Amino acid sequence: MTEVTGHVIDPDGEARRALLEAVAEHGPQALSDATIMDNLCRNRLAALPGESILIVSAARADVPALLRNEIPELGNYGAIQSVAATLARASDLDNAASLWVVREFARTLGMIAPGGTQPTPRIVPSGPAAEAAGASAGAAAAGAPPPGKPPGSRVLTRNTIGVAAAIALVAGYLGVAAAAHLSPFPAETVAASSSQSQSPSTGPSTSPGTSTSPAGSPDASPDASPTSDYDVLLSKIPASVQGHNNCQLIGTQYGATAVIQCSRLNSGAGTIQYYLYPSPARLTSGVSALLSKAGFHRQRECTTGSEFTDFLAECQSDFHNQTPFMTGSIAEYTNTSHDPLIITTDNEQNVMAVLVGTNPGDLLAYWKQLNWIVR
């Protein structure tokens, strides 16, 4: 068995600074110019051959253009993941290493928050295998093809950059995002996203309870963007929902400035996704976009005589609650596996929530308590 030791990609942030300086000197188009990036790596990053290979590969693939094409549909973080997967397949890169370089390009272009220089852990082999991998990476960074590769080849293997397993923190982030499957709410996962838009009606018949404190923050992604929006949204999630690291930042989909998913909940909703919007108009637009993506078709009001009595699939209504005061909208439907979903808004706080359950009656009863949002 090969002995392994822990290392990091760009441990001192040198590659990040080099990218920023290249853009300052040549403009954003430098990140799409493989010649500029190759010269940059030769002059500035000779001690980081693995990172150099990743940067040049990203420039050759025109990662900035790929990101611009994906962001309108997937949001910043969804686009980063999609482009990273495309780059990994096209250039035979390790998935986690590919994600690192795409995120650095996005960061340099101002698509995500600048962040700190927190290094990303990786595991690399030691001993003869590591030496061979390092030699191969060094040759590639200097412009020579790796051993066994034909001249001009841009293929980068996992061993070439020394990533034998995975990047732990990045893999964790990818796992959360993949589990969410934000679009378009596949039936096979209980974390399927859903949505709602507005339509006329009146409010719940029962007096909802409240949850008064937002509780401590779970571990946030080091690339939360923007961090203030993540914190604002987290403060609106009750302690009973946050639990013990139940909540994770998963992106900025459907025009939201932050999206948090909370799972493993012991309530009528097993999973809740929260979307924060900067204005009522953006909230309405986000709800409409999400409902459209879900294929939702409104067939009725969600109330009978202004009372919420039963879970009614394909219904949509506005609601108005007095104690605590709250206005918003609600849509109820099921996905293809017949899991009940409620898509609701808190109009005063510009928050949309997607509640996913297993029992329709229990899910509606939980929604009516309003314990899913801090009031």
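The values are calculated or read from the model by the stated rules, or taken from the named source; none is laboratory data. Model, not experiment: these values are computed from the prediction. Note: ideal-geometry Cβ built from the backbone for every residue, glycine included; neighbour counts use all protein chains shown. Ligands, DNA and RNA are excluded from the accessible area calculation, which covers all protein heavy atoms including side chains. Shrake-Rupley method; radii C 1.70, N 1.55, O 1.52, S 1.80 Å.
At 1.4 Å probe size, with every protein chain present, just tell me what the per residue accessible area of the stretch 289-345 comes to in Å².
43
If R0 is 22 Å, what FRET efficiency do you get for Thr323 and Val232 from their C-beta distance, rounded to 0.05?
My answer for the efficiency is 0.35.
Near the amide H of Thr327, under 5 Å away, which other amide H atoms are found, from residues 5 or more places off or on another chain, if H is placed in the peptide plane?
Counting only residues 5 or more places away or on other chains, the set is Asn321, Asn347, Glu348.
Assuming R0 = 56 Å, what is the FRET efficiency of Asp62 and Ala281, from their Cβ-Cβ distance, to the nearest 0.05?
The pair Asp62/Ala281 has a calculated efficiency of 0.95.
Just to be sure I understand the model, the point goes 7 Å from the Cα along the line to the Cβ. What's the resulting Thr309 to Thr35 distance in nm?
It is 7.6 nm.
If you roll a 1.4 Å probe over the stretch 4-104 with all protein chains in place, what percent of the accessible area is carbon or sulfur?
50
May I ask you to give the percent of accessible area on the stretch 289-335 that is carbon plus sulfur, with a probe radius of 1.4 Å?
Carbon with sulfur: 47 percent of the solvent-accessible area.
In nm, to one decimal, how far is the Glu21 label point from the Asp92 one, both placed 7 Å along Cα→Cβ?
Going from the Glu21 label point to the Asp92 one covers 3.2 nm.
Compute the signed sum of charges (Lys and Arg +1, Asp and Glu -1) over the other residues within less than 10 Å, Cβ to Cβ, of Ser52.
0
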